[in-house]
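Just below is one structure, and these are the notes that go with it.
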């Protein structure tokens, strides 16, 4: 009887120890890749209407990144440290969108690359292209809607309004090549954020805050947050359409895709490809 009790206690202890070890060991790169693959597959299967409305919501809510910066800038003294602290406001919109699981180009769209990399085919590539086009268009529609609201509704104080205008002029005023190059690190950081989230449950908000703060602190360019700034100037008549599209939007879009898809996603695929090949 005592021997059975001892064996039962030993099994219970081993089980608890095994669970503790499993909780302490982070997910392997292969498991993270598999998590993103399944998430990407789910995204590719979503109806277009769901992608569209979720993308519009993301385009609207990402405006709080621009608004957060403008609020901090307008309420802080013009000192050498203001730049560091005002850029913390940039994280606000990303936290709202990513935690809310809305469709944001460069964030949700990165996961959809994984199924294409794993099983390249015309069908997968077409589905990914469809999702990218719908999400990006919806994000821009949302950005223009909220930019028009901020520009003409009496919701911003004069100081916040002019701070938002200053931020928008700076973001869209870079030469096209510089905007493209600054879009590459932003794409890498967003992709790294997507890669880290499955392994760090419980600290999502902190990770999102740090990575997106780094994007603002490094003065890197993000296509959707930047679209709010671009739209704000366009609806106020401060920025011409051709300059906005060819001088800002397209270069930054290319930079984000290079950084998030071609560089980061391919590098992560390279490190897990031998393990994935063994499982198949």
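The values are calculated or read from the model by the stated rules, or taken from the named source; none is laboratory data. What you see is a predicted model; the values in this text were computed from it and never measured. No Cβ is skipped: glycine too gets one built from the backbone with ideal geometry, and neighbour counts run over all protein chains shown.
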(request) Take the stretch 193-206 and flag every residue that is under 21 Å from residue 87 (Cβ atoms) and surrounded by fewer than 18 Cβ atoms within 10 Å (Cβ to Cβ). (result) 196, 203, 204, 205, 206
(message) Taking the criterion of being within 19 Å of residue 255 (Cβ to Cβ) and in a loop (DSSP other than H, G, I, E, B), would at least one residue in the stretch 154-174 satisfy it?
(response) yes
(request) Identify all residues within the stretch 191-243 that are closer than 17 Å to residue 180 by Cβ and either touching a strand residue (DSSP E or B) at 6+ places or on another chain (Cβ under 7 Å) or not in a helix (DSSP H, G or I) (or both); write none if there are none. (result) 218, 219, 220, 221, 222
(request) Considering only residues that are free of Cβ contacts under 8 Å to residues at least 40 places away in the same chain and in a helix (DSSP H, G or I), look in the stretch 125-153 and name the one that is farthest from the chain's Cα centre (by Cα). (result) 149
(request) Might you check whether a residue that is more than 21 Å from the chain's Cα centre (by Cα), at pLDDT 95 or above, assigned to a helix (DSSP H, G or I) and surrounded by fewer than 17 Cβ atoms within 10 Å (Cβ to Cβ) occurs anywhere in the stretch 177-185? (result) yes
